[in-house]
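Working notes, beginning with the structure itself.
The values are calculated or read from the model by the stated rules, or taken from the named source; none is laboratory data. Bear in mind that the values here come from a model prediction, so they are computed numbers and not experimental data. For neighbour counting, all protein chains shown are included, and Cβ atoms are generated from backbone atoms with ideal geometry for every residue, glycine included. Surface accessibility is based on the protein's heavy atoms, side chains included, excluding ligands, DNA and RNA. Shrake-Rupley method; radii C 1.70, N 1.55, O 1.52, S 1.80 Å.
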Amino acid sequence: MTELVLKNVSRRYGNTLAIDKVNITVANGEFLTLLGPSGCGKSTTLSTIAGLDRPTGGSISFGDNVLFDAEDGTFLQPEARGFGVVFQSYALWPHMTVEGNVGLGLKLRKIPAAERNKRISEVLDLVGLGPLAKRYPGELSGGQQQRVALARAIVFRPPLLLLDEPLSNLDAQLRQQARVWLKDIQRELGLTTIYVTHDQDEALAMSDRIVVMRSGKIVQLGTPQEIYRTPVHPFVASFIGNANLIEVTGGAAAQAGGCDVRLADGQVIRAQTPLGNLNAGKQLLAVRPHLISCTKADNASEVAVEFGMENYLGDHFEQVVRVAGTEMRLSLDEPRPRGGGKIWIRNEDAMVFEAER
Amino acid sequence: MSHVTMTDMPHMPAQGAHFDRARLAQWLIFVVTAALMLAPALPILLQVFVDRPLYAQDWQFTLGNITDIFRSERVGQVAATTGLFAVFSVIIAQVLGISAALLIGRTDMPGRKLMGDVLMWPLYLSHLIFALGWVVMYGPSGFVTQAIAQQSSAPWNLYSIGGMSLVAGISQAPLAYLYCLYGAVRSVDSSLESAARTVGAGPLQVLRWVTLPLMVPSIITSTALNLVIAVETLSIPLFLGRPARIETLSAFLYGEGIASSSPNHGLVAASSLLLMMLVGSTLVLQRILLRQGHRYETVKGKGSRPMPLGLGRLRWPLAALTALILLVTVVVPISGIFLRAFTTFLSPLIPLSKVLTLNNFSKLFADEANIRAIVNTVEISLISAALGTALAVAVALVVQRSTFRFTGTLEALAYSPRVVPGLITGLGVFYAAIILPPMGWLRGNIGIIVVAYVMATLPLALGVIQPAIVQVSRDLDKAARTVGADWTGAMRIVMIPLLRPALLGSFILLFVFHLKSYVIAIFLMAPGLEVMGVSMLSLWTNGEVGLLAAFASLQIVMIAVLLVLARILFKVKIYD
Ligand SMILES: Nc1ncnc2c1ncn2[C@@H]1O[C@H](COP(=O)(O)OP(=O)(O)O)[C@@H](O)[C@H]1O
Ligand SMILES: [Mg+2]
């Protein structure tokens, strides 16, 4: 089985670490997504895999081939790795036609013209651009350019496909369609894929597994369900699912399970900690806005709050409530009148993490 | 297309094979550049510390040349004159250039486009031609001087430091104008100026408080460049200074190294070093001054052209004044050259019809050496421009688009000719050809001049090509790497085609530069190796002004035709 393995890969720029001891294993045929806010090191990670950037530490291997090893100085040039890459900017060569862009990889592999043309038209048909083969990139729409970029990356049948935010330059509607389309092609070809995005919906919808990154480090690695349902870090809870993060105090808890935490004004919330490992004192409570209810529920803590401003977001309202000197966002079908009121948070929806130091 | 594995891929290059080809190419570029830059510089350094010419036998190390320089009163005098001349001419160039940039680039002055074009003329011509034009019209026996002197005594003396500075200042004003125009006036985000208007500044206050301060880096850069050019220029001191026994460093070098029957090579090399240090310190000063450049960095505006400032009632008077200055300082001297070329003698006392002649031209073409000079010049310029552009793009790509280990050193080497005046480049190549065996085979053929030209103008070519490379997204060559091209392949398939306009621009710029060049080849002259510029210089020395004017007219026409062709055929405007 060919597997991509990153071991302790680091990339240092002067004094800053763009990525810090990243460990990832990608299985054959898998769709793995790197997810995180801008500047967290996703593109850097992808570049080190493609060979476009040389890490400053660690090792990368693919199957039996060592691509990079800081110890003995091994570094396989990008052209020798042969991975397909789709750039965020598409990076189509403006002086070559669609055909020329797609065919260069085959030409460089010295594939005879007849075979080459067959493959080019095959792949252009696959991405639905057959009739546009003679056009130049400047004569294509954003969505079409993105398809050419994909065709160029898969035409030489790479063992690994790397995509850096390929949909981020498309408008919202096109992005939805392209997401489905891209996933179909990946599944059809059985391509091992690493996909970079900062869009949580994209990541949840497309991935077999997700790597959540922050400040150059991996925070959590798991299936979309695991990431969403059992975040292991408050950052994951807030980045995926927009959870409210509230500072609370609570007792020590070594094991995962139920626990009580106290808001600054003394109100107590029954919660659960997914990891345990809590020290007594400052802790962080994470609650997703749509899981907070304004009607009484079973197994739920009642919290007195002050209802504040609401925003209309089309299919729902987002309303701010003030409690114990901080704010929480609620997702509601109908806004509540401003002023004093009550909310209920179910015990299983309130997740407690150790406070960040 | 079905499930694929690594072995499925055709033509997976063996590890390291391509690695070597790219590294080899990069090392080759590095070594060629280093050899080209150091070969002429090192012999000069050596000559400074040697007691007799390098080509002589049994030389010994000495510090005598340096002590000679510091003891020589003449060298002190020459250095002071050089400094004075340089400062005056730079002040004139900057004042004219900056005012022109503001007036032509930012206001609604009538005729500004035409005047902007005329202002550029001196830049396309050599100092030699421009100085000739001034001598013919405004020299002590010049046409205009004589016309005025009929009533009174001569109203001015061109053969003075003031006169030299004026001619040099006007011929360098276009450079200041260009830098300020493109570095600031045109590229400053117009919203910065609009913002000043919204807080209550009038149009002139905007110029004073926003536009002008933002021009500071361009002013510093062009000042430094003009200082360097003023220190190096040869023909202006030679034409205008020599008759009045005013001597600058470059004229001194020329006198000692070429005109003298027994050249003192030690002294020449030592004063070359002095000159290089002068130039080098100017450039260092420029860097220091620009270190706070970020204060002037402006976010590039999103397209919107700034509205020209209205001059109101001053519109026509300012236009008339600008036109008059251009007429007197640029148009008249250049017309003078053509006038002189077609006459036997130019004087306001004799009607033109009596002196009209084609004699100058027939004499010019009668001499085979002159024909040879023209052929040589075109040949050398073509080869040097092509080789220079090729070397520049190779160096720029290694510096900007590779992981080569010594890119910093390579860039410093490539820009080092900036501190070496053209005269000294020629001298260095001359020495190198004598003492370095591999360069010996260049002696006696045009190769030796090509080497000097390519070296001297590498920074110029880089100045055109490097900004163009910045414009090409890095993703484009990275993408080529991911589909299987090695570094050389990515550069050849993606970068070079995308840089075509810049390469063409660089080629034409170099071609014009070489065509008009006269200093670099001075030390490399040999029978059969004549080039136009140097032949023209000796025509002057022999007092053949009519012939010289004919030759100069020819060169002006050649350059004009070339520029017009470039504009029409390739849509290339040099100096844009
Ligand atoms: N060439 C570079 N020089 C210095 N810092 C860089 C460079 N490239 C990236 N970085 C830094 O590395 C970090 C990660 O960047 P990147 O991988 O592009 O983030 P992402 O793709 O997740 O938005 C950022 O903080 C960025 O500033
Ligand atoms: Mg990125």
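Backbone phi angles across segment A:27-38, fed through the Karplus curve with coefficients 6.51, -1.76 and 1.60 (θ = phi - 60°), yield HN-Hα couplings of 7, 4, x, 7, 10, 10, 10, 9, 10, x, x, 4 Hz in residue order; Gly and Pro are listed as x.
The accessible area of B:Leu318, taken with all protein chains in place and a 1.4 Å probe, comes to roughly 40 Å². Legend: helices of chain B (whole DSSP H runs) are marked when their alpha-carbon atoms reach 30 angstrom or more along the helix axis and their mean Kyte-Doolittle hydropathy is at least -0.5; marked are B:17-48, B:73-106, B:265-289, B:368-401, B:447-471, B:545-570.
For chain A, no complete DSSP H run has alpha carbons reaching 15 Å or more along its own long axis together with a mean Kyte-Doolittle score of 1.6 or higher.
Hey, in the GNM for chain A with a 10 angstrom Cα cutoff, which one of A:Thr273, A:Thr16, A:Thr48 fluctuates hardest? It is A:Thr16.
What is the Å³ per residue value for the convex hull set by the Cα atoms of segment B:359-576?
Details: hull volume 29.9 nm³, N = 218.
Convex hull of Cα atoms, per residue: 137 Å³.
Working value for chain B: equivalent-ellipsoid semi-axes of 40, 34, 24 Å, each the square root of 5 times a Cα gyration tensor eigenvalue, largest first. Based on the Stokes-Einstein relation at 10 °C and a viscosity of 1.306 mPa s, and on the Kirkwood radius from alpha carbon pairs, chain A is assigned a translational diffusion coefficient of 70 µm²/s. The aspartates and glutamates whose alpha-carbon is closer than 13 Å to the alpha-carbon of A:Lys7, local same-chain residues fewer than 8 away aside, are A:Asp20, A:Asp69, A:Glu71.
Distances over 15 Å make up what percent of all Cα-Cα pairs in segment B:66-163? Beyond 15 Å sits 75 percent of the P(r) for segment B:66-163.
Kirkwood-type hydrodynamic radius, segment A:19-84: 12.7 Å, calculated from all non-identical alpha-carbon pairs. Separation of the alpha carbons by more than 24 angstrom is noted, of A:Lys42/A:Lys134; A:Lys42/B:Lys478; A:Lys107/A:Lys134; A:Lys42/A:Lys282; A:Lys107/B:Lys478; A:Lys21/A:Lys42, for A:Lys42/A:Lys134; A:Lys42/A:Lys282.
Taking the alpha carbon gyration tensor of the protein assembly as shown, what are the square roots of 5 times its eigenvalues, largest first, to the nearest whole Å?
Working: eigenvalues 932, 236, 148 Å².
Computed over the protein assembly as shown, the values are 68, 34, 27 Å.
Computed FRET efficiency, Cβ-Cβ of B:Arg474 and A:Ser168, R0 25 Å: what is it to the nearest 0.05? The value I calculate is 0.90.
Work out the charge dipole of segment B:359-576 with +1 on the Cβ of Lys and Arg and -1 on the Cβ of Asp and Glu about the Cα centre, then indicate which of B:Leu539, B:Ile374, B:Gly428 is farthest towards its positive end. Working it through, the farthest residue towards the positive pole turns out to be B:Gly428. Can you show me the helix-derived [θ] at 222 nm for chain A, built from DSSP H runs with n ≥ 4 at -39,500 (n - 2.57) apiece and divided by the number of residues, rounded to the nearest 500. Rounded to the nearest 500, the figure is -7000 deg cm²/dmol.
Within the assembled protein chains, the solvent-accessible surface assigned to A:Phe317 is about 40 Å², based on a 1.4 Å probe.
Over segment A:243-354, the fraction of Cα-Cα pairs per 5 Å bin, rounded to whole percents and listed from the shortest bin up, is 2, 13, 23, 25, 17, 11, 5, 3, 0. For segment A:104-217, evaluate the Debye formula with one uniform point scatterer on each Cα (no solvent term) and list log10 I(q)/I(0) at q = 0.11, 0.18 Å⁻¹, rounded to two decimals. Normalising to I(0) and taking log10 leaves -0.40, -0.99.
Segment B:478-549 and segment A:195-210 have Cα centres spaced 54 Å apart.
What is the sum of charges, Lys and Arg at +1 and Asp and Glu at -1, for the other residues whose Cβ falls under 15 Å from the Cβ of A:Ser38?
On the way: positive: A:Lys42, A:Arg214; negative: A:Asp164, A:Glu165, A:Asp199, A:Glu202.
That sum, taken over residues with Cβ under 15 Å, equals -2.
Counting Cβ atoms of other protein chains within 10 Å of each Cβ in A:146-157 and taking the mean gives 2. Normalised by 2.2 N^0.38 Å, with N the number of residues, the alpha-carbon radius of gyration of segment A:29-164 equals 1.14.
Here the dipole of chain B is about 1500 debye; that uses its Cα centre as origin and unit charges on the Cβ of Lys and Arg (positive) and Asp and Glu (negative). Segment B:402-453 and segment B:222-255 have Cα centres separated by 23 Å.
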